[in-house]
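Each remark here refers to the structure printed beneath this line.
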Amino acid sequence: MMQDHNSENASPDNPSSDVTVRSSSQDVQIISVGEKTIILVGTVHVSRESVDLVRSVIEAEKPDCVGVELDTRRYETLSHRQKWELLDLKEIIRKQQLSTLLANLLLASYQKRLGTQLGVMPGMEMLEAVSVAKQHDIPIALCDRDVRVTMRRAWRSTPFLKKSVLVSSLVFSVFDTTEVSETSLRDLRQQDVVSEMVKELGEEVPSLKQVLIDERDSYLAEKILQAEGTRIVAVVGAGHLPGILDRLQNTQSVDLDQLNTIPPVSKAWKWVGWGIPVVIIGSIAMIGYQKGSVAAGESALFWVLANGIPSAIGAMMALAHPFTIAAAFLSAPFTSLTPVIGAGYVTAFVQAFVCPPVVREFEIVSEDVAIPKRWWQNRLLRVFLAFLFPTLGSVIGTWVGGTQIVSNLF
């Protein structure tokens, strides 16, 4: 059994007197909450030392349950890397979750590149915890929130003017080709790299830290408390360790349903989304009333061309299939008049249908995503290009077409 030292009682301000925290090492914190004893193991997601630490703690403690900082989807991705064929890309596009998938790929690529230089793949310490637990017939608890919920809550909570900070940070982290020095590698082995990156982002966008760190600290703490048994080893990223400890000491119940809810789009954006088609259609109708049907027809044709051409050019820039280019031209004038679906989702669906990625391209996408030219060679990444470029073209077309049509009224 591991030896505890540096005992520290709960704060006097804590309403619960049956909470104590003890430190076994800098990376292992032991907390007693009522009848439960929880051994928190803080890890670095790209560290061989963390992999070894996880195994030694579980084997020494022989807990009733092992909790890990994974949700079902991430666990399946890590443990069944070869089962990419189970991913229904067209269903992801239909549910308008393509941007979430892209963000996950960008983060995975960043971690994998660091892991390659550090000699261990990201998430290995979590898989090690699961593996050791299975070897000793110990139940496993997946304690993290669904990554899709986290990403969508993060996006919805980010102010519009700050969304560019989030996007640019993700893109920069992927395409940054700076070699990591030996000194930097030693530093990286001692910290949770992703948590540090999120912390830096949190200084620019506080709401982002609230969703990616603070909310997940609360979620993880509650799920760990709900794990079966009275002695639990929980393996979490080092960046989450202080927050989880704080919430476990607080002992206040967390509403997991509330943390799993996707915030609705603000009413202001709904007004903007529906306001654009009302203004455009109303303007064309008013032009028809003031200047006749021919003028209204010309304005309508201008709207079609102003939206269709830039969106089609975007599809061409993506080297998309001719059917995708045609879909961009035909769909953009209509999708621009509704906030329900964008032209990019139409073109991405068509591209995925006519040029579906093969399993091999899914398997190497985390490497290809960091090399710009391979975005046009990997058919999965080309689906993303067929989403991004036509979307940008449609936005440009809406601005140009809308400005021209409204100006025709005067």
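The values are calculated or read from the model by the stated rules, or taken from the named source; none is laboratory data. Fair warning: this is a prediction, and the values are worked out from it, not measured in the lab. Here Cβ is always computed from backbone atoms with ideal geometry, including for glycine, and neighbour counts include all displayed protein chains.
What do you reckon, is VAL304 free of Cβ contacts under 8 Å to residues at least 40 places away in the same chain, farther than 16 Å from GLY342 by Cα and either basic (Lys, Arg) or in a helix (DSSP H, G or I) (or both)? For VAL304, the condition - free of Cβ contacts under 8 Å to residues at least 40 places away in the same chain, farther than 16 Å from GLY342 by Cα and either basic (Lys, Arg) or in a helix (DSSP H, G or I) (or both) - is not met. Checked against (1) touching a strand residue (DSSP E or B) at 6+ places or on another chain (Cβ under 8 Å); (2) at pLDDT 80 or above; (3) β-branched (Val, Ile, Thr), ILE262 meets all criteria but (1).
Examine region 378-385 for a residue that is surrounded by fewer than 24 Cβ atoms within 10 Å (Cβ to Cβ), over 27 Å from VAL279 (Cβ atoms), modelled with pLDDT under 90 and not hydrophobic (A, V, I, L, M, F, W, C), and state whether such a residue exists. Looking through region 378-385, at least one residue is surrounded by fewer than 24 Cβ atoms within 10 Å (Cβ to Cβ), over 27 Å from VAL279 (Cβ atoms), modelled with pLDDT under 90 and not hydrophobic (A, V, I, L, M, F, W, C). Scanning for something touching a strand residue (DSSP E or B) at 6+ places or on another chain (Cβ under 9 Å), surrounded by fewer than 19 Cβ atoms within 10 Å (Cβ to Cβ) and not aromatic (Phe, Trp, Tyr), does region 313-323 turn up at least one residue? Within region 313-323, none of the residues are touching a strand residue (DSSP E or B) at 6+ places or on another chain (Cβ under 9 Å), surrounded by fewer than 19 Cβ atoms within 10 Å (Cβ to Cβ) and not aromatic (Phe, Trp, Tyr).
Counting only helices (runs of 4 or more DSSP H) that sit wholly inside region 336-410, those with at least 2 residues that are within 19 Å of the chain's Cα centre (by Cα) and acidic (Asp, Glu) are 365-368. Can you tell which of ALA108, ALA60, ALA10 is modelled with pLDDT under 75 and either under 17 Å from the mean Cα position of the chain (by Cα) or closer than 13 Å to VAL233 by Cα (or both)? Step by step, each of ALA108, ALA60, ALA10 is checked, and only ALA108 is modelled with pLDDT under 75 and either under 17 Å from the mean Cα position of the chain (by Cα) or closer than 13 Å to VAL233 by Cα (or both).
For region 240-276, which residues satisfy the criterion of being touching a residue at least 40 places away in the same chain (Cβ under 8 Å) and farther than 20 Å from SER157 by Cβ? Scanning region 240-276 gives LEU241, ILE244, LEU245, LEU248, GLN249, ASN250, THR251, TRP274, ILE276.
Here is a check on your reading of the model: is ALA295 among the aliphatic types (A, V, I, L, M) and within 17 Å of LEU392 (Cα to Cα)? Considered against the rule, which asks whether it is among the aliphatic types (A, V, I, L, M) and within 17 Å of LEU392 (Cα to Cα), ALA295 comes out as no. Of the listed requirements (1) surrounded by 14 or more Cβ atoms within 10 Å (Cβ to Cβ); (2) in a helix (DSSP H, G or I), TRP271 misses just one: (1).
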